[in-house]
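Visitor: Below are the structure tokens for one structure; questions will follow.
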Amino acid sequence: MTSSGTLAPPASVPQSASRPAPSPPSATPVRNCGSPEFTTSDPDGGWSDGGYYVHNNMWNSDEAGPETLRACAYDNWYVDSTQPSTTSVKTYPNVHKDINDQNGKPFNDYSVIRSTFAGRGPGTGIYDVAYDLWLNGVGDGKGVTEVMVWTENLKQQPSGDKVGTYTAGGHAYDVWADDDGYIAFVSQATQYSGAVDLKAMIAWGIGKGFIPPNPTVNQIGYGIEFCSTSGGKARFTLTDFSVTMS
């Protein structure tokens, strides 16, 4: 995946499995961003709002096609992206919260790390809609762990191998991991909106040995990894995001 900077993700390849059945469309909050406060087509363009950062994050700009992000608020924005029919991840437009200016704070200091979300992909091409959490640093580096939570998936597969199943809140996730500090919780059924207990997921990963004990929590983000839009313009819309830490 990606971070707030121009960082390469673990390798991703197409998924041959069929797409999970989606949740009812009514599950997504209805909001309209008709008069954006912020617009950018800059590959690294971003906007601070309400303690969060909305980031176009076209980190793989050498392979990426054009992308424009328009935001009315950190929890109400959309992005139009046009990506070629290839399988590499091109962009990760997202909203994220930096903890202690990305220096992080210890996991054990928190009794609650929860988040709400609502996001919907275009239903065409290759992509995943996902959380991206960085522990013990942000981006590539010794000891850094990247934790992803995929809430929607179209023809995409995480890095590594499937290592187990995690169940919480009425949702089941296939868990994938590699040897380079990457773990992904992939929802078996599409979730267009909801809430996730990120502390419980991290604790599960620690217990299984995929995450080092008591890591710092440095960044929590949510957005879409675009691989392909089949060459045409496609839209991702986000209508809710929050992070609660205490």
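The values are calculated or read from the model by the stated rules, or taken from the named source; none is laboratory data. Keep in mind it's a predicted model, so treat the numbers as computed, not measured. With ideal geometry, Cβ positions are generated from the backbone for all residues, glycine too; neighbour counts draw on all protein chains shown. Side chains included, ligands, DNA and RNA excluded: accessible areas come from the protein's heavy atoms. Shrake-Rupley method; radii C 1.70, N 1.55, O 1.52, S 1.80 Å.
Visitor: So which residues in region 190-224 are assigned to a strand (DSSP E or B), closer than 26 Å to Leu154 by Cβ and polar (S, T, N, Q), if there are any at all?
Guide: Answer for region 190-224, where residues must be assigned to a strand (DSSP E or B), closer than 26 Å to Leu154 by Cβ and polar (S, T, N, Q): Ser193, Gln219.
Visitor: So how many residues does region 164-183 have that are part of a strand (DSSP E or B) and buried (at least 17 other Cβ atoms within 10 Å of the Cβ)? Show your work before the answer.
Guide: Just the residues of region 164-183 that are part of a strand (DSSP E or B), to begin with: 164-168, 171-177, 182-183.
Now drop any that are not buried (at least 17 other Cβ atoms within 10 Å of the Cβ), which leaves 166, 173-177, 182-183.
Count: 8.
Visitor: Right, next: Looking for something of a type in the set (Ser, Thr, Tyr) and open to solvent by 10 Å² or more (accessible area, probe 1.4 Å) - is there at least one such residue anywhere in region 128-149?
Guide: no
Visitor: For region 100-114, how many residues are of a type outside the set (A, V, I, L, M, F, W, C) and more than 9 Å from Thr216 (Cα to Cα)?
Guide: 7
Visitor: Answer with yes or no whether Val186 is modelled with pLDDT of 95 or more, over 15 Å from the mean Cα position of the chain (by Cα) and assigned to a strand (DSSP E or B).
Guide: So Val186 fails the test.
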